[in-house]
Amino acid sequence: MSSLASKQGPRYRHTTGEAEPFETIGVEKLTPIIGAEISGVDIAKLVSDESRSNRQMDEIHRALAENLVIFFRDQHITPAQHLAFGRKFGELHIHPAAPHEGDDPALMKIHADKDSPRANGEGWHTDVSCDVEPPMGSILYIRQCPPRGGDTLFASMYAAYESLSDRMKAYLDGLTALHDGEQIYRGLYDNYGVADKPAYPRAEHPIVRTHPVTAKKALYVNRGFTRYIVGIPRDESDAMLDYLCQHAENPLFQCRFRWTENAIAFWDNRCTQHRAMWDYWPHTRSGTRVTVKGERPV
Ligand code: SIN
């Protein structure tokens with residue numbers, strides 16, 4: 001028996017109340033913990049039809065809050081409709097480093113092909129957590145898929161927090177950590193001819209944040225951006241961050257989305273991490289991302 005096996009029941013017990021049914025959309029959960037495919041929504045129509053959109057928009061908001069990441073397949077939207085869908089959830093966020101497609105800096109380019117030196121989001125991260133006000137959510141539209149592979153993994157940071165021991169929760173209470181974009185972003189987009197900025201964002205955030213909509217607590221550290229825990233010795237911080245990041249990456253808290261052309265993933269950055277798989281070289285995977293502004297984590 002592996003040392004990870006337990007005789008005390010599951011490592012994480014996920015509990016939710018009785019979910020209210022949805023009336024204007026279909027919601028098919030990928031796992032009990034995170035992720036749901038949404039059906040019955042035509043985003044091109046939703047963004048142009050004000051009267052029809054309100055009930056459906058309310059239910060999309062609720063599906064996101066309940067499932068943390070939601071997926072829509074077979075959506076045929078223009079860049080303007082992608083941007084308009086994002087604006088229905090708030091003001092759009094401009095990425096501090098990444099290239100954009102077309103004229104609007106809010107339409108971030110996501111692309112990898114046989115000549116790419118890298119692909120976006122290959123390590124576990126929360127989008128731009130180095131911003132003082134990190135994005136609330138990200139809406140990724142993949143138009144071109146490889147024949148196989150290119151999945152995206154998502155992990156629930158509610159589950160990561162809830163499954164910590166009470167002693168660990170007490171230790172983390174009130175601690176903050178420094179998130180820094182410098183090591184990530186400097187030189188990252190050289191291949192697109194993007195000139196570096198003089199400086200990239202950095203911000204101190206609570207290690208455990210409370211979600212403004214659900215009021216649930218989520219672990220808020222990630223390998224991409226979190227550099228150190230403030231106010232404790234550096235060796236203790238390194239060991240603790242290593243443990244917390246490894247814990248957050250437990251497959252128990254995850255779902256995995258297999259893309260099809262013209263699918264959309266919409267994730268809540270306040271309670272998830274994600275990681276994209278670049279296992280499809282030399283094929284091409286291509287799309288755009290619209291990111292919605294968020295609030296200062298508390
Ligand atoms: C990202 O981190 O936004 C990229 C995710 C993906 O390409 O699946």
- Note on the structure: Taking a ≥ b ≥ c as the square roots of the Cα gyration tensor eigenvalues, with a/c under 1.5 meaning rounded and otherwise prolate when a/b beats b/c or oblate if not, region 136-229 comes out oblate
- At 0.36 nm per residue, minus the direct Cα-Cα distance, what do L175 and R148 gain on full extension? Give it in nm, one decimal, please. 5.5 nm
- Compute the distance in nm between two label points, each set 7 Å from the Cα along the Cα-to-Cβ direction, one at A195 and one at D279. 4.1 nm
- Note on the structure: If unit charges are put on Cβ atoms (+1 for Lys and Arg, -1 for Asp and Glu) and the dipole of region 149-298 is taken about its Cα centre, the option from F225, L241, F266 lying farthest towards the positive end turns out to be F266
- Message: Quick one: 3J(HN,Hα) in Hz for region 205-220, Karplus 6.51/-1.76/1.60 with θ = phi - 60°, rounded, Gly and Pro as x.
- Response: 10, x, 6, 10, 10, 9, 5, x, 9, 8, 6, 8, 8, 10, 6, 10
- Per the helix-only calculation at 222 nm, which mean residue ellipticity applies to the chain, given -39500 (n - 2.57) for every DSSP H run of n ≥ 4 and division by its residues, nearest 500 deg cm²/dmol? -6000 deg cm²/dmol
- Extension reserve of the D166-A215 stretch, reckoned as 0.36 nm per residue once the Cα distance is removed: 15.8 nm
- Computed label-point distance, nm, for sites K29 and N250 using a 7 Å Cα→Cβ extension: 1.8 nm
- Task: Using only the Cα atoms of region 217-298, build the gyration tensor, take square roots of its eigenvalues as a ≥ b ≥ c, and label the shape rounded, prolate or oblate: rounded if a/c is under 1.5, else prolate if a/b is larger than b/c, else oblate.
- Result: prolate
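When ligands, DNA and RNA are left out and all protein chains stay put, how many square angstrom of accessible area per residue does the chain have with a 1.4 Å probe?
Value returned for the chain: 48 Å² of accessible area per residue.
Please report the antiparallel percentage of the DSSP beta bridges confined to the chain, to the nearest 5.
DSSP beta bridges in the chain are roughly 95 percent antiparallel.
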- Let me know the whole percent of all Cα-Cα pairs from region 21-292 that are separated by more than 27 Å. 38 percent
- Report ³J(HN,Hα) in whole Hz for each residue of region 243-252, in order, from the Karplus equation J = 6.51 cos²θ - 1.76 cosθ + 1.60 where θ = phi - 60°; Gly and Pro get x. 4, 5, 5, 5, 4, 5, 8, 4, x, 4
- Note on the structure: Amide H neighbours of Y228 at under 5 Å, excluding residues fewer than 5 places away on the same chain, with H built from the backbone geometry, are L178
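The values are calculated or read from the model by the stated rules, or taken from the named source; none is laboratory data. No experiment lies behind these values; they were computed from the predicted model shown. Every residue, glycine as well, gets a Cβ built from its backbone with ideal geometry; the counts of neighbours run over all protein chains shown. We work out accessible area using only protein heavy atoms, side chains counted, and drop any ligands, DNA or RNA first. Shrake-Rupley method; radii C 1.70, N 1.55, O 1.52, S 1.80 Å.
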